[in-house]
Amino acid sequence: MAKDNVSNRASVRISVPFTNQEIELPVIQASEGPSVIDIGELYAKTGLFTYDPGFMSTASCRSTITYIDGDNGILRHRGYDITDLATSANFTDVAYLLLYGELPNKSEAEKFATEIKQHSMVHEQLHFLYRGFPRHSHPMAVMVGAVASLSAFYHDYLDVRDRTQREISAIRLIAKIPTLAAMAYKYSIGQPFVYPDNNLSYSEDFLHMMFAVPAEKYKVNPVMADALNKLFILHADHEQNASTSTVRLSGSSGANPFAVIGAGIASLWGPAHGGANEAVIKMLEEIGHASRIQIYVNKAKDKGDPFRLMGFGHRVYKNYDPRATVLKASCYELVKELGIKDDHLLDIALKLEEIALNDPYFIERKLYPNVDFYSGIIYRMLGIPTQMFTVMFAVARATGWMAQWKEMMDDPEQKIGRPRQLYVGQTKRELRDTPFGK
Ligand code: ACO
């Protein structure tokens, strides 16, 4: 990498294959972490594209929201460490931080939390949408449809070029997604929908909408609300992962934010992404007993077997996922508070973690527990059914998605996302050589 002494701008020179040409590409400095080679003009200058399936070396955007150093287990939002945020802030404070770049002062925090509460109810007509789904629908299927359907209710206020409309859409989405999620659960068990309660915090209200019934008074357990607050904060944003990239790409065409978040939810649903916490519990249930752990560890190591240890490994963290550290502590707090004695799944999880962390296969590949390894166990302790786990993730991540979408829409360099391809199909051939030829 060369540095121009006059302008202090770095660049790289590459020689273009099949020609004697050399070109210079600028390097854009990151404030932390890897800088990037700006290849925007590569095609115009050389006629070549770059090829990077899975985006292993490609930055898809410029962002100021979240910083991850996977080798050192670091996750920061707007410069603040995730552990500090998760142990000291409310979810709505972190939402404010993600959306606006700074932590709120006391009056800003109250104003923002109130604004969220004032948008937490959903249109009554949405009840009919829910009633169209089979009762046994997967709640993620309901969420993909319900969240995207919000665009039908705010159609006249969805000019994405208008900054005020964008701000209000973000508030609406963050406020309504817990209500929609709790409704998906209530619908699946045949209980009446519970309206939001503006006297409660974001996480308290979610527990209330999930577990209250009209026939009885529901009292929120503060330790459970605190655990949920942490879970929401820890899942709020995670840089340019698959679902966030889906949100940015679908939003880049100018599509409305509710439809865009529907696309994000669809992407999150996959087992390699948000579906992993559900898969962790299924795996622990399948293992069934500590004596069977080694069988599953061996299966995970067997290259002829597609089985992977769910909740282990991460594309970016090649060290302990810092979110898993917070959740492990939170897990122990809940065990104490709820007086849980013999939770066989928790026992299996702890033993599995110990075995995997000491196994050369996992050590060599830097496969550590990720956030989903513990989140499923905690959701289970909170009484949240397995099918709702990925929905919980979507509720929390909606904030990050909106922050990333807003940042993209505010970016003067913003263009419709349009990747190119390496075409390896047939070259030109003639229809006349086929049964369709005349
Ligand atoms: N169990 C066993 N082996 C694994 C696992 C696992 N969970 N994860 C990765 N490996 C192995 C791979 O087989 C590969 O081995 P090899 O080098 O001998 O071929 C090596 O580790 C590298 O794996 P990749 O798949 O190349 O890593 P990648 O970064 O692409 O994958 C992923 C990351 C998808 C998360 C993967 O670790 C995985 O499938 N984990 C289980 C699912 C999971 O927990 N997902 C949640 C992610 S966190 C989130 O979305 C919030």
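The values are calculated or read from the model by the stated rules, or taken from the named source; none is laboratory data. Every value quoted in this text rests on a predicted model; they were computed, and no experiment measured them. Heads up, the Cβs are rebuilt from the backbone with ideal geometry, glycines too, and the neighbour counts pull from every protein chain shown. Ligands, DNA and RNA are excluded from the accessible area calculation, which covers all protein heavy atoms including side chains. Shrake-Rupley method; radii C 1.70, N 1.55, O 1.52, S 1.80 Å.
Binned at 5 Å from 0, what are the whole-percent values of the Cα-Cα distance distribution for region 128-206, short to long?
3, 14, 23, 20, 18, 14, 7, 2, 0
Enumerate the whole-percent occupancy of each 10 Å bin, from 0 to the last occupied one, for all C-alpha pair distances of region 80-138.
Taking every Cα pair in region 80-138, the percentages come to 19, 33, 19, 24, 5.
Could you give the nm distance between label points at R9 and Q294, where each point is 7 Å from its Cα heading toward the beta carbon?
6.2 nm
Given labels modelled 7 Å from the Cα in the Cβ direction, how far is it in nm from Q387 to E102?
4.6 nm
How much of the accessible area of region 2-69, in percent, comes from carbon and sulfur atoms when a 1.4 Å probe is used? Intermediate results must be reported in sequence, preceding the final value.
Details: 2680 of 5110 Å².
About 53 percent, which is the carbon plus sulfur part of the accessible surface.
At what distance in angstrom do the alpha carbon centres of region 207-228 and region 375-437 lie from each other?
Here the two parts' Cα centres lie 33 Å apart.
For region 2-69, treating each Cα as an identical point scatterer without solvent, what Debye log10 I(q)/I(0) comes out at q = 0.11, 0.18, 0.20, 0.23 1/Å?
For the requested q values the scattering log ratios are -0.33, -0.84, -0.99, -1.17.
Which values, in whole Å and largest first, are the semi-axes of the equivalent ellipsoid of region 45-108 obtained as the square root of 5 times each eigenvalue of the Cα gyration tensor? Walk me through the numbers before you get to the answer.
Numbers: eigenvalues 221, 45, 12 Å².
Its equivalent ellipsoid spans semi-axes of 33, 15, 8 Å.
Have a look at region 172-274 and give its Rg and Dmax from the Cα atoms, expressed in angstrom.
Calculated on Cα positions, Rg and Dmax stand at 15.6, 48 Å.
Which angle from 0 to 90°, rounded to the nearest 10, does the C-alpha axis of helix 91-100 make with the longest principal axis of the chain?
Tilt relative to the chain: about 20 degrees.
How large are Rg and Dmax for the chain when only the alpha carbon atoms are used, in Å?
In order Rg, Dmax, the Cα atoms of the chain give 24.0, 80 Å.
Please grab the % of Cα pairs in region 110-170 that end up more than 15 Å from each other.
On the way: 1128 of 1830 pairs.
Value for region 110-170 (Cα pairs over 15 Å): 62 percent.
Roll a 1.4 angstrom probe over the protein heavy atoms and tell me the percent of accessible area of region 72-419 that is carbon or sulfur.
Numbers: 7980 of 15040 Å².
Reported share for carbon and sulfur atoms: 53 percent.
Determine which lysines satisfy two conditions relative to K186: a Cα distance under 26 Å, and not lying fewer than 8 residues away in the same chain.
Of all the lysines, those that pass the test against K186 - Cα under 26 Å, at least 8 places apart if same chain - are K117, K176, K217, K219, K230, K282.
Would you work out which of F91, H208, I363 lies farthest towards the positive end of the dipole of the chain, given +1 charges on the beta-carbon of Lys and Arg and -1 on that of Asp and Glu, about the Cα centre?
I363
For the chain, what is the accessible area per residue in Å² when the probe is 1.4 Å?
Values: 22730 Å² over 438 residues.
Heavy-atom SASA per residue in the chain reads 52 Å².
To the nearest 10 degrees, how steeply does helix 242-251 sit against the main Cα axis of the chain, on a 0 to 90 scale?
Orientation of helix 242-251: about 70 degrees from the principal axis.
Report the chymotrypsin sites (Phe, Trp or Tyr not before Pro) located in region 229-334 that are in a DSSP loop and have at most 13 other Cβ atoms inside 10 Å of their Cβ, or state none. Walk me through the intermediate numbers first.
Values: sites: F232, F258, W269, Y296, F307, F312, Y317, Y320, Y332; in loops: W269, F307, Y317, Y320.
For chymotrypsin sites (Phe, Trp or Tyr not before Pro) across region 229-334 that sit outside H, G, I, E and B with at most 13 neighbouring Cβ atoms in 10 Å, the list reads F307.
Using alpha-carbon pairs under 8 Å, 6+ residues apart, how would you state the relative contact order of the chain in percent?
Values: 589 pairs, mean separation 83.1, N = 438.
Value for the chain: 19 percent.
Where does the chain land at 222 nm, in deg cm²/dmol rounded to the nearest 500, when only DSSP H runs of n ≥ 4 count, each adding -39500 (n - 2.57), divided by all residues?
Numbers: 18 runs with 216 residues, N = 438.
Calculated mean residue ellipticity at 222 nm is -15500 deg cm²/dmol.
Need one number: nm distance between label points at E354 and D411, each 7 Å from Cα along Cα→Cβ, rounded to one decimal.
If labels sit at E354 and D411, their model points lie 4.6 nm apart.
What number in nm² do you get for region 309-437 if you take the convex hull of its Cα atoms and divide its surface by four?
Values: hull surface 62.3 nm².
Averaging across all directions leaves 15.6 nm² for the Cα convex hull.
Once both axes come from the Cα atoms, what is the angle between helix 276-287 and the longest principal axis of the chain, in degrees from 0 to 90, rounded to 10?
Value to nearest ten degrees: 60.
If packing is taken as the mean number of other Cβ atoms within 10 Å per residue, what is the order of 367-379, 120-132, 79-91, highest first? Present the calculation step by step, with values, prior to reporting the outcome.
Details: 367-379: 25.7, 120-132: 14.5, 79-91: 18.4.
Highest to lowest by the protection proxy: 367-379, 79-91, 120-132.
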